[in-house]
Structure formats: structure tokens, C-alpha cells
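Peer 1: The structure follows.
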Amino acid sequence: MTHDSLIPVIRRLAIEAGEKIMEIYQSEDFDVKVKSDDSPVTAADEAADAIISAGLRAAFPDVMLVTEEQADSHSTRSDTFLIVDPLDGTKEFIHRRGEFTVNIALVEKGVPTRGVVYAPAKQRMFYTLADGQSVEETGDLNLDQAGPTRAIHVSDADNGALMVVASKSHRDQATDDYISKYNVKDMKSAGSSLKFCLVATGEADLYPRVGRTMEWDTAAGHAVLAGAGGQVVRFDDHSPLVYGKAGYANPFFIAHAPGVDLKEA
């Protein structure tokens, strides 16, 4: 597998999975089940996972695959692996708020280096090119032919007036307490990994997450943000957030434009 061969595959699979997700989203009703960790799962999560997993295994049979919906993949280990959240923002999906995403990323030596984040209900797609630069694709998002793209880059953050983005479904007092340490110009709420993309495009400067996440929730957004000049660090000591951890669980973290003067937790 090369980065050149990877990007067209993950782009196409994200769109294909997004089409299936929207088919279910636009139906009159869909079943919601509860997993062992009390998180919800729908037929859309499972259908999107089947599409992406089959496509990745066919294209890159020698690369380890970790995906949220396949528990047996959560005990595997490798320096290089593909990691998938087929539908991030299931609560946004269930409540028909539109802010859910398809996420596919490549992790190399603990770092998410390439990835795609697709928000099918918003018709916004962000991904890294083979050289690592992040773009947003515009146009019709044709399955087999990439359309025009625009390079994206983080803001030149002004610490006197930051735009902050926070979780729509997981906002809490601890998050608000941390945000209050900054001089905030305005705030946005967003669901799923779209928050990373808003920082990547300069639509926001800072995204703190004081709550549980897993690596499949963040890897693709992390890759897109890094390719746009941004950073993702641990909340406690501001060291880089690394991947391939036992159980694939993340500590609290902060995603930000490099110009932001990070405050202590």
C-alpha cells in the first residue's frame, strides 16, 4: 500500500458508505440497538461498516484493520493500521440533526497520517491528499471521479478573540470551565468529527474534549487537521495524542490551531 493508492480507495468507500447511510436516514423509521457499552448502534452503522471493511480488506489485505463495529479487531496490534468509524455521531443520526460523519484513517507509528471525513447529510468531504496536504472537495462528490478541491488551512489564531467549537451531544461543565480560561469571540456546537474539520478550515480555533473518546472517533479528523497545519494534544500535559494504545481509548485532548496559547487544565 502507498499513500497514492490509499487516497482514492478511502474517498470512494466513504462516499459509498455515505450513500447507504443516507438511504437509511431518509427512511421513515430505523431500529436503534444498544451495545454493551450502552452506546447506540443502528442499521446504518452496520451497513456502512460492512461496505468499508470489505473494500479495505479487498484493496489492502496485508494492512491491519481496526473498526468500531467489529469488537474482535480491538485487541489487535500493529505499527501500521487502518482505523474506521463508519458512522460517528450516531446520536446526531438518530435525532436527525445531520452532523454525523464517515471516518477512515491510516495510522503509522502512532500518528494518523492520512484520512477522510465525510458528512453525507451536509455534503461536505475533507481528506488528505497523498502528499499529506488536506483539502475539502467541492462539487457533486462523484463516486468514481474526484472533483475540484480547495486546500484548507487552520486560522492564524488571535488569542484575544478565539472561535471555539465544542460537542453538541457531550457538552458538560468541565468543558465549559476549561473554555472559560480563554478570551472567546464566539462558540459553535457541532457533532461528530466535524469539529476537527472546522478547526482545519479555520472556521474554529480551538476544540477541547473533556470526555471519553476512542481512537476510531478521532483518527480521521486528526489526520485532516494535521494536514491543514493543526495539532491534537493531550489535555493533561499538551504532549501529542498518539494512537495504537491498549484498548484504543483516548485521554482527554485539545485540537487547536498552532497559534493558540494553550491554557493548563
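Nothing in this text is a laboratory measurement; each read-out follows from the coordinates by a stated rule. Just so it is clear, the model here is predicted, and its values are computed rather than measured. Backbone-built Cβ (ideal geometry, glycine too); neighbour counts: all protein chains shown.
Peer 1: Would you mind checking the tilt of helix 215-227 against the longest principal axis of the Cα atoms of the chain, expressed as 0 to 90 degrees and rounded to 10?
Peer 2: Between the helix axis and the principal axis of the chain, the angle is about 70 degrees.
Peer 1: Next up: Kirkwood Rh over Cα pairs of the chain into Stokes-Einstein at 20 °C, 1.002 mPa s: D in µm²/s?
Peer 2: Calculated translational D: 117 µm²/s.
Peer 1: Note the full-extension length gain between A151 and F30 as 0.36 nm times their separation in residues minus their Cα-Cα distance, in nm to one decimal.
Peer 2: Taking 0.36 nm per residue and subtracting the Cα distance, the gain is 39.9 nm.
Peer 1: Right, here's the next one. Calculate how steeply helix 3-25 sits against the longest principal axis of the alpha-carbon atoms of the chain, using the helix alpha-carbon long axis, and give the answer as 0 to 90 degrees to the nearest 10.
Peer 2: 80
Peer 1: What number of lysine-lysine pairs in the chain show an alpha-carbon separation below 19 angstrom, given a sequence spacing of 8 or more or placement on distinct chains?
Peer 2: Lysine pairs, 8 or more places apart or on different chains, close enough: 19.
Peer 1: If you don't mind, there's one more thing I want to ask. Taking 7 Å along the Cα-to-C-beta vector as the label spot, tell me the R77-A161 distance in nanometres, rounded to one decimal.
Peer 2: 5.0
Peer 1: Still on this structure, I have one more. Please work out the FRET efficiency for the pair S180 and R97, using the Cβ-Cβ distance as r and a Förster radius of 25 Å; give the result to the nearest 0.05.
Peer 2: 0.45
Peer 1: First measure r as the distance between the Cβ atoms of K188 and L129, then evaluate 1/(1 + (r/R0)^6) with R0 = 22 Å and state the FRET efficiency to the nearest 0.05.
Peer 2: E between K188 and L129, to the nearest 0.05, is 0.25.
Peer 1: With only Lys, Arg, Asp and Glu charged, each at its Cβ (+1 for the first two, -1 for the last two), find how big the charge dipole of the chain is about the Cα centre; round to the nearest 20 debye.
Peer 2: Using Cβ point charges on Lys, Arg, Asp and Glu, the chain gives about 320 debye.
Peer 1: With an 8 Å cut-off on Cα pairs and a minimum separation of 6 or more residues, tell me the relative contact order of the chain in percent.
Peer 2: The normalised contact order for the chain reaches 17 percent.
Peer 1: Could you tell me the calculated FRET efficiency between A265 and E108, based on Cβ-Cβ distance and R0 = 25 angstrom, to the nearest 0.05?
Peer 2: The computed FRET efficiency comes out at 0.30.
Peer 1: Roughly what angle does helix 43-59 make with the longest principal axis of the chain, taking Cα atoms, 0 to 90 degrees, to the nearest 10?
Peer 2: Result, in degrees: 70.
Peer 1: Let me check against my output: what whole-number percent is the relative contact order of the stretch 1-123, with C-alpha pairs under 8 Å and at least 6 apart?
Peer 2: Reported as a whole number, the value is 25 percent.
Peer 1: Using Cα-Cα distances under 8 Å and only pairs 6 or more residues apart, what relative contact order does the stretch 42-100 have, in percent?
Peer 2: Reported relative contact order: 32 percent.
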